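Chemist: Below is a structure I'd like to ask you about.
Coordinate-derived values only; no laboratory data. All of these numbers come straight from a predicted model, not from anything done at the bench. All Cβ positions, even for glycine, are placed from backbone atoms using ideal geometry, and neighbour counts span all protein chains on display.
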Amino acid sequence: DLDIDEHGQEELMSIQYFGRGEDDEEPDRYTPHCDGDCTGLKFKHGNRMATMVMYCTIPEVGGATNFRNSGLHIVPEEGMATFFSYIDPDTKIMDTGFTEHSGCPVIEGEKKIVTQWVRLGVTKEVPWDAYNTLGVIDSEE
């Protein structure tokens, strides 16, 4: 049980990717990354523990989401969502890269997504935005 509540939900983030334009050498894409800690260490209070990606506009060619270490390749459909957690709910150990993902190049058209990250261990008194991306309260740095 991860006891997720509204205080751990970050604000929605809108992201737009465009296909290759006339002068573009490379199409829009998002290189492989982890949204939270993917080192296999114990969860750190206030850190991100899950991601929700909502697909709003789908390109004609390209734009899939790839989880290369998990062997998953998600070809989105308009209106669908993908949710993934990077913490073991029993041991509270973070994953070891299985949720590393990337946005594949948008070759033709555009891709619009809305992303929401979820943090664990935050409260109304110490909300999600008091922490940096490493799970450290900004005043502690």
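Chemist: Let a ≥ b ≥ c be the square roots of the eigenvalues of the Cα gyration tensor of the range 24-104; is it rounded (a/c under 1.5), or, if not, prolate (a/b larger than b/c) or oblate?
Modeler: prolate
Chemist: Please compute the length gained on full extension between Ala81 and Asn132, using 0.36 nm multiplied by the number of residues separating them and subtracting their Cα-Cα distance.
Modeler: 15.8 nm
Chemist: Now for a separate question. Which value in nm describes the separation of the simple spin-label points at Glu11 and Thr96, placed 7 Å from the Cα toward the beta carbon?
Modeler: In this crude label model, Glu11 to Thr96 measures out at 3.8 nm.
Chemist: Where a ≥ b ≥ c are the square roots of the eigenvalues of the C-alpha gyration tensor, would you call the chain rounded, which needs a/c under 1.5, or, failing that, prolate if a/b is larger than b/c, or oblate?
Modeler: prolate
Chemist: What's the magnitude of the charge dipole for the chain around its Cα centre, counting Lys and Arg as +1 and Asp and Glu as -1 at the beta-carbon? Answer in Debye, nearest 20.
Modeler: With only Lys, Arg, Asp and Glu charged at Cβ, the dipole is about 420 debye.
Chemist: Along Cα→Cβ, 7 Å out, is where each label goes; now give me the distance between the ones at Ile4 and Asp88 in nm to one decimal.
Modeler: 2.0 nm
Chemist: Compute the distance in nm between two label points, each set 7 Å from the Cα along the Cα-to-Cβ direction, one at Ser70 and one at Glu110.
Modeler: That separation, rounded to one decimal, is 2.8 nm.
Chemist: Moving to a separate point now. For the chain, just give the cysteines left without a disulfide-compatible partner, judged by no other Cys Cβ under 4.7 Å.
Modeler: Cysteines lacking a close Cβ partner in the chain: Cys56, Cys104.
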